[in-house]
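The values are calculated or read from the model by the stated rules, or taken from the named source; none is laboratory data. Just so we're clear, the structure is a prediction, and the values are computed from it rather than from any experiment. A quick note on method: Cβ atoms are made from the backbone with ideal geometry, for glycine too, and the neighbour counts reach across all protein chains shown.
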Amino acid sequence: MTELSPRRTEILDAATSVLAREGLRGLTHRAVDREAGLPQGSCSAYYRSRAALQTALVRYVAAQVTAEVEQLADSMLDSWDGVEAAEAVTVMLQGWLSQPARQVAHLELSVAASRDAELAGELTGVHENLIGVAATVLARRGLSDAHSLAETIVAALDGVLLAALKMPAAQRAGFVAHSVRVLILGATEGGLVDLK
């Protein structure tokens, strides 16, 4: 994704908040202008249609997630320790859950993509990129089925995030930590180990 101007970033941050709070029906140019404290017409000057705003928002949210995943993967490429990997993934997911608006907006856009081919194309590309990053790390671990294992882990982590979002905030950290350890160690260490 090309670097955004400060105004576009401001608009997309506001759009993320609106989408998370009000759902897709509430994502209007006027609502985004209000959220950002901008004069009416500001959002539509940058994103002429609702579809353009949604597509830009998918790319914006996806770029943030992808950058964080790639940074984490880079730190794991040269050495692998399953426990450390699980801890690093846990820290990343807990960081995402500390910004629940972004996660809820991503979920809203994912549901919308089931009915919108353009959004689906955007999200499919992002999803495949995340799987590719995970598969690269797993292949370095020497796992022959790295790609299919990466698909399963990425899908499972999506589920962990969704489940955590539905919990009281105080329960999320423990749930995420345990779930990630089960997934990472169970999938990469040849079976479940002592996960307490």
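Structure data summary
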item	result
Hey, Thr55 of a type in the set (Val, Ile, Thr), more than 26 Å from Ala163 (Cβ to Cβ) and surrounded by fewer than 14 Cβ atoms within 10 Å (Cβ to Cβ) or not	no
Selection within region 58-107 - exposed (fewer than 14 other Cβ atoms within 10 Å of the Cβ) and touching a His at 6+ places or on another chain (Cβ under 9 Å)	none
Residues of region 1-60 satisfying the condition of being more than 22 Å from Leu107 (Cβ to Cβ), among the hydroxyl-bearing types (Ser, Thr, Tyr) and in a loop (DSSP other than H, G, I, E, B)	Thr2, Ser5, Ser49
Residues of region 39-86 satisfying the condition of being closer than 19 Å to Ile153 by Cα, of a type in the set (D, E, K, R) and without any contact (Cβ under 8 Å) to a residue 12 or more places away in the chain	Asp74, Asp81, Glu84
Qualifying residues in region 61-95 (those that are of a type in the set (D, E, K, R) and either in a helix (DSSP H, G or I) or within 16 Å of Ile131 (Cα to Cα) (or both)) - the one farthest from the chain's Cα centre (by Cα)	Glu84
Region 10-29, subset of a type in the set (D, E, K, R) and touching a residue at least 12 places away in the same chain (Cβ under 8 Å), residue surrounded by the fewest Cβ atoms within 10 Å (Cβ to Cβ)	Arg21
Residue in region 109-116 that is acidic (Asp, Glu) and out of contact with any Phe, Trp or Tyr (no Cβ under 9 Å at 6 or more places or on another chain) present	yes
Whichever residue in region 178-196 is surrounded by fewer than 18 Cβ atoms within 10 Å (Cβ to Cβ) and among the small types (Gly, Ala, Ser) and, among such residues, is modelled with the lowest pLDDT	Gly191
